[in-house]
Amino acid sequence: MTDLERVRHSAAHILATAIARIWPEAQFAAGPPTDQGFYYDVDLPHRISPEDFPRIEEEMRKETKANHRFERVAISRADAIAMAERGELAALGPRGTPSPFKLDILQGIPEGEEITLYRNGDFTDLCAGPHVMRTGNVGAFRLTNVAATYYKGDERNPQLQRIYGTAFKNKTELEAHFTMLEEAKKRDHRKLGRELEIFCFDEDVGPGLPLWMPNGAVLIEELEKLAKETEFAAGYDRVRTPVIARENLYLTSGHLPYYADGMFPPMTLEEDRAVPGTTVANAEDSASARPPGDRYYLKAMNCPHHHKIFKAVPRSYRDLPVRFAEYGQCYRYEQSGELLGLMRVRSMQMNDAHIYCTEEQFASEFNAVNDLYLRYFKLFGVDKYVMRFSTHDPAKLGQKFVDDPILWKKTEDMVRRVLIESGIPYVEIPNEAAFYGPKIDVQVWSAIGREFTLATNQVDFAVPPRFGLVYRDRDNVDKTPLCIHRAPLGTHERFIGFLIEHYAGNFPLWLAPEQVRILPIGDDAPLLEYAKSIQQELRGHGVRAALDASSDHIKAKIANAETKKVHTMLVLGARDLEAGAVSVRLHGKGNVGAKPRAGFVAETLAAIKERRAN
Ligand SMILES: [Zn+2]
Ligand SMILES: [Zn+2]
């Protein structure tokens, strides 16, 4: 638990304390911290509404003012059950009725695991902790919402009221949080995406399948250009692979059957049945005696395809590292309830690459990948980021994690060393690794402090052997390479969603869908000719320049361009024509004065080429 999560979870106890004081009959289920704050699930005949919040918050304040200690008490299972039966858990004292949810939670605690209570004042709750030292350490809190829910999310269980709140160490942080949420609403990529005509969805196309409009396609092209240039310079080779593959490929990779829920259902091709040389590894298939090799899946990841390319020719240690890059199109079956704008989609294009290397090469390759991240962060003005380094849990080897304790230790040590040596901020999170190796999730904060998880970096020591990937080493022995999966720019969907919110739609010149718009004052023929020639010159250099030749008043033309967040406007009048100049106006900044035409063009081209920040 992070410090903030500790504050928030402690606030959940304080919330329960307050509710128990107002409604002593309240029964509580679970009260964990969340990304945004905390909640507590409560069973209560009174229907809590936001009108009750001030009263509850008032009671919470009394509890924080009292500054009670959070006291940890270890207790035997029998004693805990006895207390729950007397209704003393998540309560201010004994009650006439038991604490049913706490009894149920107790029953779920494995034999041999320590059972603890936490006390603040006269409120006692069943809880594994940890907490802040005292209730007064919860510096600032606010209740935000109430929603209906079922115990354990199962509709056969009783319905509960989930009360949401948020908490921070102090008032300044709490207020900054709500200011950020306000600003985030204005910058919501779904709202701006529609207004700026970047992407749309259509029921007939299907949920979670974004359609990129011309402005969105520009953003994609620019990001791909950036990735391709950067990766070329870093020694990557580009490959291309189809979006579908035989079932067998995913049985080899291990995606099937474990990840089947996350993939679109297969399509069956009759004519491809009974293909020799394929095997059935799926029990359901062999039971129905269906000929093998007849099912195709939309690809959910690019790795298996890339592994096959690695395998297509013999590899020597001299060839390594091999780096295959592809902006690969993947499809994943997210539950429709979980789709969210561009952040959770069913089709995605990933800034993917796989690096095959020896153990000796691992550190420098992994470092180079981290450098890519840092370079991109700098380019996009991302100042705050952290890498979440997920490791395995030795107790779950063979279930959640590939059963190879030696390789786990070795790869985790390698990753940790690289992170420490490169000085990149990171947090280590046990038990969250991928099945086949440690992974790094990259979290970034946008310009207004909103948090996004953008990309994953993974070390894979388990899948290369499944594919029989080898290279011939110095000693003439075949060895298995390590594989690094990396995608610094994540998927187009998520990254562009992030960029829209990060820039509030005010993209820097190099990214702006419309870079320059020329706005002649009036429709005098020589002036229009002049405007057209500038547009042609710019477009000749690959600049996305448009011309507003409408009969609108210049004020309307400017207002229109500002609404569309056009980066640079050239407001042209008779004087500009005479002088061979342009009057430059920048979106959101206003007029910056007249410049000679040639100077403006040269400067614009340089700003684009260098991908300047504004
Ligand atoms: Zn607790
Ligand atoms: Zn991969």
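The numbers here are math on the coordinates, done by the rules we state, and not lab data. Note that this is a predicted model, so its numbers are computed, not measured. Glycine also receives a Cβ, built like all others from the backbone with ideal geometry; neighbour counts cover every protein chain displayed.
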- [ ] Please order H177, H9 by the number of other Cβ within 10 Å, starting at the fewest.
- [x] H177, H9
- [ ] May I ask what percent, to the nearest 5, of DSSP beta bridges between residues of the chain are antiparallel?
- [x] 85 percent
TODO: For the stretch 89-151, compute Rh as the Kirkwood radius over C-alpha pairs and then the Stokes-Einstein diffusion coefficient at 37 °C and 0.692 mPa s; write the answer in µm²/s, rounded to an integer.
DONE: 230 µm²/s
Open item on the list: Normalised by the empirical 2.2 N^0.38 Å for globular proteins, what value does the Cα Rg of the stretch 96-208 take?
Closed with: 1.60
Task: Taking the stretch 516-609 and dividing mean pair separation by its residue count, relative contact order in percent (alpha carbons under 8 Å, at least six apart) - done: 28 percent
Task: Dimensions in Å of the stretch 3-169 - Rg and Dmax from alpha carbons - done: 14.7, 44
Open item on the list: Restricting things to Cα coordinates, could you compute the convex hull volume per residue of the chain in Å³?
Closed with: 215 Å³
- [ ] Find the relative contact order for the stretch 386-508 and round it to a whole percent, using C-alpha pairs within less than 8 Å whose residues are 6+ positions apart.
- [x] 24 percent
Open item on the list: Name the residue from I81, P24, I163 whose Cα lies farthest towards the positive end of the charge dipole of the chain, charges +1 on Cβ of Lys and Arg and -1 on Cβ of Asp and Glu.
Closed with: I163
Open item on the list: If Rh is defined by the Kirkwood formula over all Cα pairs and Rg also comes from Cα, what ratio Rg/Rh do you get for the stretch 462-579?
Closed with: 1.39
TODO: Indicate the gyration tensor shape class of the stretch 156-265 (rounded, prolate or oblate), computed on the Cα atoms with a ≥ b ≥ c the square roots of the eigenvalues: a/c under 1.5 is rounded; otherwise a/b larger than b/c is prolate and the rest oblate.
DONE: oblate
Task: Relative contact order, percent, the chain [alpha-carbon distance under 8 Å, six or more residues apart] - done: 10 percent
TODO: Return the lysines within reach of K299: Cα separation strictly under 18 angstrom, same-chain partners fewer than 8 residues apart disregarded; answer none if there are no such residues.
DONE: K308
Open item on the list: My understanding is that a pair violates if its Cα-Cα distance is over 32 Å; which of K185/K589; K384/K532; K311/K409 do that in this structure?
Closed with: K384/K532
Task: Gyration tensor (alpha-carbon) shape descriptor, the stretch 516-609, a/c threshold 1.5 - done: rounded
